[in-house]
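Asks: This is the structure I want to talk about, given as structure tokens.
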Ligand code: HXC
Ligand code: NAP
């Protein structure tokens with residue numbers, strides 16, 4: 001469907017691009033001709049991924065360390081990227097999440113997830129947006145949200161709150177900045193197998209099975225499917241799509257909202273105990 005020059009000349013930053021969905025999008029964008037930057041907290045992960053994807057695709061990619069929660073670090077990263085030229089696309093993909101009973105969450109547990117997902121997205125969007133507006137440079141922001149951003153979801157409450165904020169930001173700025181050349185889009189993926197998500201949210205085969213039974217297509221989404229959807233949405237082919245969140249969940253939402261409400265209620269007490277974070281001294 002896509003020609004290999006679909007994203008030619010586009011300079012794209014993907015937060016959390018060292019692993020999972022971010023990594024898969026980076027690979028696809030490189031195949032389609034983009035120059036890609038990826039960032040994450042673990043420098044060795046982003047650099048290793050950049051090395052592997054450069055050699056697999058022959059494209060230009062750089063892995064840079066950055067904690068998106070830290071506004072100064074974000075400013076530094078964006079400044080560094082901008083010295084080589086303005087970005088054209090920002091993909092807010094970095095996230096933190098875990099399955100937990102809300103009454104057991106510490107204040108830091110909330111802060112951690114809200115910091116990565118919501119504040120991180122705000123930091124990145126502001127750093128790029130201000131530069132684009134001053135220069136009159138066209139830009140696209142793609143946010144990777146979740147299906148439960150619109151409905152909330154039990155047992156992943158910090159994530160649900162933060163993702164709802166991300167979607168509100170996306171829809172608001174689509175109107176405020178749309179006329180000044182900055183387009184906003186989001187994807188609400190259903191479950192896609194990645195180590196980061198499944199180890200924290202679907203840690204047993206039984207939980208996976210429950211989710212698959214509930215999904216009309218009885219399968220998870222794939223990295224290829226989300227990477228292709230992301231490529232289309234950030235490309236000029238989708239130039240009139242602004243402020244829209246595309247669900248890519250096999251119809252799961254229509255079959256009953258709020259992913260983890262469905263499975264969390266069936267988790268026994270002993271399993272909740274096992275999923276609690278290990279003490280740092282252990
Ligand atoms: C309760 C938990 C917890 C858990 C951590 N915490 N895990 N509380 N249950 N399972 C608490 C800790 O006890 C601590 O509070 C606070 O959260 C911060 O934890 P740290 O480990 O110190 O923080 P940090 O190193 O910043 O790690 C952030 C993280 C971690 C979010 C906790 O999981 C992470 O790095 N995640 C990044 C990758 C990720 O989550 N990927 C999945 C995305 S999938 P105290 O008070 O003890 O100090 C997704 C959508 C999937 O978002 C949807 C599928 C359908
Ligand atoms: P993942 O592999 O764990 O990806 C999360 C990435 O975010 C990691 O590379 C992580 O790298 C980075 N990150 C976390 N905290 C960060 C911080 N403070 N600063 C910078 N980077 C940070 O999980 P994934 O499944 O690919 O998730 C990617 C996106 O898809 C997330 O937005 C998630 O909410 C969304 N999503 C996933 C699913 C799914 O089923 N997989 C479903 C719905 C939505 P470091 O640890 O090195 O920082």
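The values are calculated or read from the model by the stated rules, or taken from the named source; none is laboratory data. Predicted model only: the values in this text are computed from it and were never measured. Note that each Cβ is placed from the backbone with ideal geometry, even for glycine, and that neighbours are counted across all protein chains shown.
Asks: So which residues in the stretch 245-270 are surrounded by fewer than 13 Cβ atoms within 10 Å (Cβ to Cβ) and not in a loop (DSSP other than H, G, I, E, B)?
Replies: Residues satisfying the conditions are 269, 270.
Asks: Moving on. Of the conditions (1) crowded, with 18+ Cβ neighbours inside 10 Å; (2) in contact (Cβ under 8 Å) with a residue 40 or more places away in the chain, residue 232 clears all except one; give me its number.
Replies: Evaluating residue 232 over (1) crowded, with 18+ Cβ neighbours inside 10 Å; (2) in contact (Cβ under 8 Å) with a residue 40 or more places away in the chain leaves (1) as the failure.
Asks: Of the numbered conditions (1) at pLDDT 80 or above; (2) assigned to a loop (DSSP other than H, G, I, E, B); (3) within 12 Å of ligand 1 (Cβ to nearest atom), residue 273 satisfies every one except a single condition; which is it?
Replies: Failed condition: (2).
Asks: Which residues, counting only those in the stretch 128-149, are away from ligand 2 (no atom under 13 Å from the Cβ), farther than 18 Å from residue 22 by Cβ and in contact (Cβ under 8 Å) with a residue 12 or more places away in the chain? Lay out the reasoning, then the answer.
Replies: As a first pass, look at the stretch 128-149 and keep what is away from ligand 2 (no atom under 13 Å from the Cβ): 128-141.
Filter once more, keeping what is farther than 18 Å from residue 22 by Cβ: 129-139.
Of everything in the stretch 128-149, those that are away from ligand 2 (no atom under 13 Å from the Cβ), farther than 18 Å from residue 22 by Cβ and in contact (Cβ under 8 Å) with a residue 12 or more places away in the chain turn out to be 129, 131, 132, 133, 135, 136, 137, 138, 139.
Asks: Being out of contact with any strand residue (DSSP E or B) (no Cβ under 6 Å at 6 or more places or on another chain) and assigned to a loop (DSSP other than H, G, I, E, B) is the filter here, so list the residues in the stretch 41-60 that pass it.
Replies: Result: 41, 42, 58, 59.
Asks: Tally the residues that are part of a helix (DSSP H, G or I), more than 14 Å from ligand 2 (Cβ to nearest atom) and closer than 23 Å to residue 7 by Cα, restricting the search to the stretch 68-122.
Replies: 4
Asks: Given the criterion under 19 Å from the mean Cα position of the chain (by Cα), within 11 Å of ligand 2 (Cβ to nearest atom), surrounded by 15 or more Cβ atoms within 10 Å (Cβ to Cβ) and assigned to a loop (DSSP other than H, G, I, E, B), identify the matching residue among 22, 17. Quick ask: steps written out before the conclusion?
Replies: Working: 22 fails: assigned to a loop (DSSP other than H, G, I, E, B).
None of the others qualify; the one that does is 17.
Asks: Okay, next question. Out of all the residues in the stretch 95-105, is one or more within 14 Å of ligand 1 (Cβ to nearest atom) and free of Cβ contacts under 8 Å to residues at least 12 places away in the same chain?
Replies: Checked the stretch 95-105: at least one residue is within 14 Å of ligand 1 (Cβ to nearest atom) and free of Cβ contacts under 8 Å to residues at least 12 places away in the same chain.
Asks: So which residues in the stretch 53-66 are within 16 Å of ligand 1 (Cβ to nearest atom) and crowded, with 20+ Cβ neighbours inside 10 Å, if there are any at all?
Replies: Of everything in the stretch 53-66, just one residue is within 16 Å of ligand 1 (Cβ to nearest atom) and crowded, with 20+ Cβ neighbours inside 10 Å, namely 66.
Asks: Further question on the same structure: How many residues, within the stretch 179-207, are more than 11 Å from ligand 2 (Cβ to nearest atom) and farther than 30 Å from residue 127 by Cβ?
Replies: If we filter the stretch 179-207 for residues that are more than 11 Å from ligand 2 (Cβ to nearest atom), which is where we start, we get 179-185, 203-207.
When the remaining residues are screened for being farther than 30 Å from residue 127 by Cβ, the result is 203-207.
Count: 5.
Asks: So which helices (runs of 4 or more DSSP H) stay within the stretch 136-223 end to end and still have 3 or more residues that are modelled with pLDDT of 95 or more and surrounded by 15 or more Cβ atoms within 10 Å (Cβ to Cβ)? Break it down stepwise before answering.
Replies: On the way: elements: 157-176, 195-201, 205-214.
The helices (runs of 4 or more DSSP H) meeting that bar are 157-176, 195-201.
Asks: Report, ordered by the first and then the second residue, all pairs with beta carbons closer than 6 Å, sequence separation of six or more or different chains, a first member in the stretch 10-29 that is farther than 18 Å from residue 225 by Cβ, and a second member that is within 6 Å of ligand 2 (Cβ to nearest atom) and part of a helix (DSSP H, G or I).
Replies: Pairs that qualify, where the first residue is farther than 18 Å from residue 225 by Cβ and the partner is within 6 Å of ligand 2 (Cβ to nearest atom) and part of a helix (DSSP H, G or I), are 16/22; 18/45.
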